[in-house]
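Worksheet: one structure, shown below.
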C-alpha cells in the first residue's frame, strides 16, 4: 500500500501534475535532475532534432528501484528499465517532455520520442531521448530552447553552460548565449500574480518558465 501510494505521488508528480502548494514559499521541487541538452542542425540548415539526458537524484532513483525491481536483485535489469522508460514516455507526453522551443516567439511543435532509453548506474536512474520537429523548422531568427517542469515539482539543473549545446554546421552562423534568470528578482517583480491559486494550477505555471535556464540562439 505504501509503495503504491509513493508511486502515485512520485512518478505521476514528475510526469503529470503538481502537488497543492499553500504559499509561494512552498513552491519548490521534490525531484532533482542533472540535465544535458543538445540541439542538432540538419544538413539543410533546419533544426534536425533535440536530445535530452536526465540523471535523477539518488532518493528518487531509489524509489524507482523499489517499484520496478521485480526480481529483487537490487538493480534494474533491461526488461525493468524498459518498463521504466515506457512509463515515463507515456506519462510525460502531456508536458511535451519538459522541452520548450520557440522561434521568434512562436512555439515549435515536437514529435514524441520514438524511443526512450533508461539506465541505472551507481544508484542513479538516467533517461535519454530525442525529439524531432513536427514540421520543417528553418534556423532563422531568435531561437529559445528551454527544458523545465511547468508543475515546479522537478528541478532540472544544467550545472555548466556546456550542458546546453548546439551541433551541426547549420548553427555555425548563429550566436548563442546561456541565460540563467535570478529567481529572487523574478519573484519580486511578479509578486502580485504569484498567488496560491497560481501555484495550485495542475497544468503548470508561467513562473517555472521565467526562472528556467535557457539557451538562446540567434541565426
Report the paramagnetic label zone for residue 165: residues of region 50-88 whose backbone N is under 17 Å from a point 7 Å from Cα along the Cα-to-Cβ axis. 50-55
When a/c is below 1.5 the answer is rounded, else prolate if a/b is larger than b/c, else oblate, so apply that to region 40-160 with a ≥ b ≥ c taken from the square roots of the Cα gyration tensor eigenvalues. prolate
For a footprinting-style exposure proxy, rank 37, 60, 32 by other Cβ within 10 Å, fewest first. 32, 60, 37
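Please list 134-140, 63-69 highest first by mean number of surrounding beta-carbon atoms within 10 Å per residue.
So the peptides 134-140, 63-69, ranked by packing, come out 63-69, 134-140.
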Taking 175, 154 and counting other C-beta atoms within 10 Å, the order from fewest to most: 175, 154
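The numbers here are math on the coordinates, done by the rules we state, and not lab data. Model, not experiment: these values are computed from the prediction. We place every Cβ from the backbone using ideal geometry, glycine too, and count neighbours over all the protein chains shown.
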